[in-house]
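Read through the structure below, which is laid out as structure tokens, and then see the notes.
The values are calculated or read from the model by the stated rules, or taken from the named source; none is laboratory data. Quick caveat: nothing in here was measured; it's all calculated off a predicted structure. So basically every Cβ, Gly included, is an ideal-geometry build from the backbone, and we count neighbours across all protein chains shown. These area figures cover heavy atoms from the full protein model, side chains too; ligands, DNA and RNA do not enter into them. Shrake-Rupley method; radii C 1.70, N 1.55, O 1.52, S 1.80 Å.
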Amino acid sequence: MDLPAGFEFGTATAAYQIEGAAATHGRGPSIWDAFSHLPGRTHGGDTGDVADDFYHQFESDIAILEELGIKTYRMSLSWSRLFPEGRGELNAEGVAFYRDVFAALRSAGVEPLVTLYHWDLPQALDDAYGGWLSRNVVDDFAEYADAAFGLFPNVTRWTTFNEPLTFVGEGYGDGVHAPGRCSDRSRCAKGDSEREPLVAAHHVLLAHAAGVGE
């Protein structure tokens, strides 16, 4: 296969999809923890409690990347592993985990491309004020972004959000992703499919601007 000069061949994952260790070393629950534990919401009732167990297996997983010659790895941080309540006190064990991951990637010659948010809002923020339905989330995301940039200065390539159209539309319009809100009461206990996706999308855009501004 002929690839253009400068093309970066890599792999991609997301924190909730691979890390596991959902209640390990201070991590707080996310909206996907809550959603995936509701009966009938995921295929076969699967959850991210263990997932691929990257939290415990990252060294051997990164060794596979090195063996394959992968030089670029897109990954995401678990907001609630760093801030179990979504804001306030930082979880030192979460910080140490990601520092170990980044060190292993550097040792393997793999550059991380880090996404701040891949759909896993801390459940505490959803409980406190409705998550993406509240303007409060903008400031909390900005503080999280600022902390991540400062904690991991060797990471030079960042993305704020992964696929906002998906987590907004599926989470607040169709109700088939976390937090599972929609107008169809046969599927969702709460929600407004006409209004809430617009509100959530507006706050995501504001949060992106605030995060980049940090």
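Taking the condition buried (at least 17 other Cβ atoms within 10 Å of the Cβ), over 16 Å from Tyr16 (Cα atoms), of a type outside the set (Gly, Ala, Ser) and in contact (Cβ under 8 Å) with a residue 40 or more places away in the chain, does Leu151 pass?
Numbers: buried (at least 17 other Cβ atoms within 10 Å of the Cβ): no; over 16 Å from Tyr16 (Cα atoms): yes; of a type outside the set (Gly, Ala, Ser): yes; in contact (Cβ under 8 Å) with a residue 40 or more places away in the chain: yes.
Against the criterion (buried (at least 17 other Cβ atoms within 10 Å of the Cβ), over 16 Å from Tyr16 (Cα atoms), of a type outside the set (Gly, Ala, Ser) and in contact (Cβ under 8 Å) with a residue 40 or more places away in the chain), Leu151 does not qualify.
Give the number of residues within the stretch 72-116 that are surrounded by 13 or more Cβ atoms within 10 Å (Cβ to Cβ) and either at pLDDT below 95 or at positive phi (or both).
Of the residues in the stretch 72-116, 1 are surrounded by 13 or more Cβ atoms within 10 Å (Cβ to Cβ) and either at pLDDT below 95 or at positive phi (or both).
Does Glu59 meet the test of being within 19 Å of Gly109 (Cα to Cα), surrounded by 15 or more Cβ atoms within 10 Å (Cβ to Cβ) and either charged (D, E, K, R) or modelled with pLDDT under 95 (or both)?
no
Could you tell me which residue of the stretch 191-214 is most open to solvent (accessible area, probe 1.4 Å), considering only residues that are among the acidic types (Asp, Glu) and more than 12 Å from Glu143 (Cα to Cα)? Please lay out each step first, then the result.
Initial filter on the stretch 191-214 (among the acidic types (Asp, Glu)): 192, 194, 196, 214.
Subset that is more than 12 Å from Glu143 (Cα to Cα): 192, 194, 196.
Details: Asp192: 54, Glu194: 156, Glu196: 8 Å².
Filtering first and then ranking leaves Glu194.
Show the residue pairs meeting these rules: Cβ distance below 9 Å; 6+ apart or different chains; first residue within the stretch 84-110 and of a type in the set (S, T, N, Q); second residue part of a loop (DSSP other than H, G, I, E, B).
Correct list of pairs: Asn91/His25; Asn91/Gly26; Asn91/Arg27; Asn91/Gly28; Asn91/Phe83; Asn91/Pro84.
Please give the helices (runs of 4 or more DSSP H) falling wholly within the stretch 38-131 in which 3 or more residues are out of contact with any helix residue (DSSP H, G or I) (no Cβ under 7 Å at 6 or more places or on another chain) and more than 20 Å from Asn162 (Cα to Cα). Let's see the steps before the verdict.
Values: elements: 54-68, 79-82, 92-107, 123-129.
In the stretch 38-131, the matching helices (runs of 4 or more DSSP H) lie at 54-68, 92-107, 123-129.
Hey, can you tell me all the residues within the stretch 1-27 that are of a type in the set (A, V, I, L, M, F, W, C) and part of a strand (DSSP E or B)?
Ala12
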